[in-house]
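First up is the structure itself, then whatever we jot down about it.
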Amino acid sequence: MLAAIQGYCLGGAIDLIAACDMRYAAEDAQFSIKEIDIGMAADVGTLQRLPRIIGDGMLRELAYTGRAFGAEEARGMGLVNRVYSDTASLLDGVMGIAREIAGKSPIAITGTKEMISYMRDHRIDDGLEYVATWNAAMLQPTDLRVAMAAHMSKQKPEFLD
């Protein structure tokens, strides 16, 4: 899931983007974990997901203070992948990334996402065993043939869904 952020991204919006795989922002984006300012702890994923995205210390600072920060600071801490100059270029850029991902083998994207998620809570040797099992069960010979033929002919592959 991709998030394209423009304008204010406060409180519950932070919960939402923290659940996304990748986040992109326009230069005008402003972020804040505002729940602290209304007397509550963020409760729908911010405190659980953001330590893995921006680190424990940065999360604590932002969650305890509620301070606002801009798109460039968000990029610097790893909350967003890229910053675009305006909303139009943000949407063009994110849609381009989405098209690029959509052009890949669906089973390969699903497997990659599954392996990344699995590795959050497992050791490397467990992850290697899991990916070997996954690939043995899910590897699609058709996708491999399509990918190899496209590569050899310098064309874009067309995968079945």
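Any read-out appearing in this document is the output of simple, stated calculations on the displayed coordinates, not a laboratory observation. Only a predicted model underlies this, so the values are computations on that prediction, with no experimental measurement involved. Glycine also receives a Cβ, built like all others from the backbone with ideal geometry; neighbour counts cover every protein chain displayed.
Points worth noting:
- Criterion (of a type outside the set (Gly, Ala, Ser), surrounded by fewer than 16 Cβ atoms within 10 Å (Cβ to Cβ) and closer than 25 Å to residue 114 by Cβ) met by exactly one of 37, 21: 21
- Answer residue from region 118-147, given it is among the aliphatic types (A, V, I, L, M) and exposed (fewer than 10 other Cβ atoms within 10 Å of the Cβ) and is nearest to residue 52 (Cα to Cα) among those: 124
- Of all residues in region 62-81 being surrounded by 15 or more Cβ atoms within 10 Å (Cβ to Cβ) and more than 14 Å from residue 9 (Cβ to Cβ), the one that is farthest from the chain's Cα centre (by Cα): 63
- The C-beta contact set for region 101-116 (first residue touching a residue at least 24 places away in the same chain (Cβ under 8 Å), second residue surrounded by 14 or more Cβ atoms within 10 Å (Cβ to Cβ) and among the small types (Gly, Ala, Ser), distance under 6 angstrom, 6+ apart or interchain) is empty.
- When the criteria are applied in full, residue 115 meets the requirement of being surrounded by 12 or more Cβ atoms within 10 Å (Cβ to Cβ) and not charged (D, E, K, R).
- In region 139-161, the count of residues that are part of a loop (DSSP other than H, G, I, E, B) and in contact with a His (Cβ under 9 Å, 6 or more places away or on another chain) is one or more.
- Unique residue being outside any loop (DSSP other than H, G, I, E, B) and surrounded by fewer than 19 Cβ atoms within 10 Å (Cβ to Cβ) when the list is 92, 43, 15, 28: 92
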